[in-house]
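See below for the structure under consideration.
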């Protein structure tokens with residue numbers, strides 16, 4: 001398996017895990033589970049796990065620009081997951097879901113004064129902010145992991 005293929009497989013695996021987490025959260029919310037229970041199934045928790053896993057995979061691959069590779073993969077992971085979450089907010093607006101996270105007062109879309117805001121502008125705004133946050137959080141966590149991995153590699157070769 002090529003080095004870039006290993007990174008693609010990691011990204012694909014985490015994206016599928018994210019899809020499952022998003023679906024489980026919607027099921028729990030629609031079943032009336034408490035916010036505390038539903039929050040356990042938030043995709044945002046994964047943004048703290050995937051950077052380290054991606055960094056280790058990238059470090060082992062020996063790619064020439066590991067930090068750039070990490071940033072690129074984090075961006076695409078954030079994009080994929082936020083598009084899935086964005087779809088849930090669009091559905092929430094359409095079906096007027098009552099879960100607290102979808103309410104306008106809590107940063108959601110239900111209660112938006114126009115369809116343009118409910119279907120497009122607010123979900124896009126949320127997605128954009130989160131994609132940037134995924135990259136920032138991921139570069140901190142993944143960057144530290146890459147730095148430590150490179151020091152270990154350098155120590156093992158000397």
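The values are calculated or read from the model by the stated rules, or taken from the named source; none is laboratory data. Only a predicted model underlies this, so the values are computations on that prediction, with no experimental measurement involved. Cβ atoms come from the backbone with ideal geometry, glycine included; neighbour counts cover every protein chain shown.
A count restricted to region 42-56 and to residues that are surrounded by 22 or more Cβ atoms within 10 Å (Cβ to Cβ) and within 16 Å of residue 9 (Cα to Cα) stands at 4. The set of residues from region 84-121 being touching a helix residue (DSSP H, G or I) at 6+ places or on another chain (Cβ under 7 Å), assigned to a helix (DSSP H, G or I) and at pLDDT 95 or above comprises 84, 85, 86, 88, 89, 90, 92, 93, 102, 118, 119. All conditions in (1) in contact (Cβ under 8 Å) with a residue 40 or more places away in the chain; (2) surrounded by fewer than 18 Cβ atoms within 10 Å (Cβ to Cβ); (3) in a helix (DSSP H, G or I) hold for residue 63, with the sole exception of (3). Across region 129-136, not a single residue is classified as out of contact with any helix residue (DSSP H, G or I) (no Cβ under 7 Å at 6 or more places or on another chain), surrounded by 14 or more Cβ atoms within 10 Å (Cβ to Cβ) and farther than 14 Å from residue 47 by Cα.
State whether one or more residues within region 134-151 are farther than 28 Å from residue 12 by Cβ and part of a helix (DSSP H, G or I). First the steps, then the outcome.
Within region 134-151, the first condition is being farther than 28 Å from residue 12 by Cβ, and the residues that meet it are 151.
From the residues that got through so far, the ones that are part of a helix (DSSP H, G or I) too are 151.
Yes: region 134-151 contains one or more residues that are farther than 28 Å from residue 12 by Cβ and part of a helix (DSSP H, G or I).
Of all residues in region 89-133, those satisfying the criterion of being free of Cβ contacts under 8 Å to residues at least 60 places away in the same chain and touching a strand residue (DSSP E or B) at 6+ places or on another chain (Cβ under 8 Å) are 92, 93, 96, 98, 102, 103, 104, 110, 111, 118.
Please work out if residue 46 is in a helix (DSSP H, G or I) and in contact with a helix residue (DSSP H, G or I) (Cβ under 7 Å, 6 or more places away or on another chain). Outline the logic, then answer.
Values: in a helix (DSSP H, G or I): yes; in contact with a helix residue (DSSP H, G or I) (Cβ under 7 Å, 6 or more places away or on another chain): yes.
For residue 46, the condition - in a helix (DSSP H, G or I) and in contact with a helix residue (DSSP H, G or I) (Cβ under 7 Å, 6 or more places away or on another chain) - is met.
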